[in-house]
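Read through the structure below, which is laid out as structure tokens, and then see the notes.
The values are calculated or read from the model by the stated rules, or taken from the named source; none is laboratory data. Only a predicted model underlies this, so the values are computations on that prediction, with no experimental measurement involved. Cβ: placed from backbone, ideal geometry, glycine included. Neighbour counts: every protein chain shown.
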Amino acid sequence: MPDTPFTKAWINDHMVVCYRFASLGHEAAEAWYNDIVQTYRDWPPGQPVRLLADLRNSGSLPSPDIVQKVRAVSQREFPDFEGKIAFVLDETQDAKLLSTYIEHVLSSRRERRIFYDEAQAIDWLIE
């Protein structure tokens, strides 16, 4: 496993925050939760959230820990944040299961879509 469970980068002139996950386990859940809470607190008022979650190298479906953290952020901590979330998957991953997870866990105030091409995901986020 890599040294960190994910990397974070601002892309497209700081319009999109991109998380590239190497793991979706307990360590990733804790680290991501702390990071995303601070990112959302610092988000410019009135600007829609544009988030890209690259799960192509995560190696597994989301752990119960990360599901709990995503719920906390999307439903309790920041339920009124509007915007878009793009998930980039490797075509070998089980997109049907992940789609179900995405639809049942994330806040309905933020549009979300699954992509297999990062450039298409970014185009959708900034349109």
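Overview of values
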| item | result |
| --- | --- |
| Some residue of segment 23-34 being at pLDDT 90 or above and in a loop (DSSP other than H, G, I, E, B) | no |
| Residue list for segment 36-64, restricted to those being modelled with pLDDT of 85 or more, out of contact with any Phe, Trp or Tyr (no Cβ under 6 Å at 6 or more places or on another chain) and under 22 Å from I114 (Cβ atoms) | I36, T39, P48, R50, L51, L52, D54, R56, N57 |
| Test: S107 is surrounded by 19 or more Cβ atoms within 10 Å (Cβ to Cβ), under 19 Å from A29 (Cβ atoms), among the small types (G, A, S) and at pLDDT below 75 | yes |
| Selected residue (criterion: nearest to M15 (Cα to Cα)) from residues of segment 25-56 that are within 13 Å of the chain's Cα centre (by Cα) and of a type in the set (K, R) | R50 |
| In segment 15-54, the residues that are under 19 Å from W124 (Cα atoms), crowded, with 17+ Cβ neighbours inside 10 Å and of a type outside the set (D, E, K, R) | V16, V17, C18, Y19, V49, L51, L52, A53 |
| Residues within segment 57-82 that are under 12 Å from the mean Cα position of the chain (by Cα), surrounded by fewer than 18 Cβ atoms within 10 Å (Cβ to Cβ) and closer than 17 Å to C18 by Cα, tallied | 0 |
| Any hit, segment 65-74, residues being among the basic types (K, R) and closer than 19 Å to I122 by Cα | no |
| Scan of segment 42-90 for residues that are part of a loop (DSSP other than H, G, I, E, B) and either in contact with a His (Cβ under 6 Å, 6 or more places away or on another chain) or of a type in the set (D, E) (or both), ordered by number | D42, D80, E82, D90 |
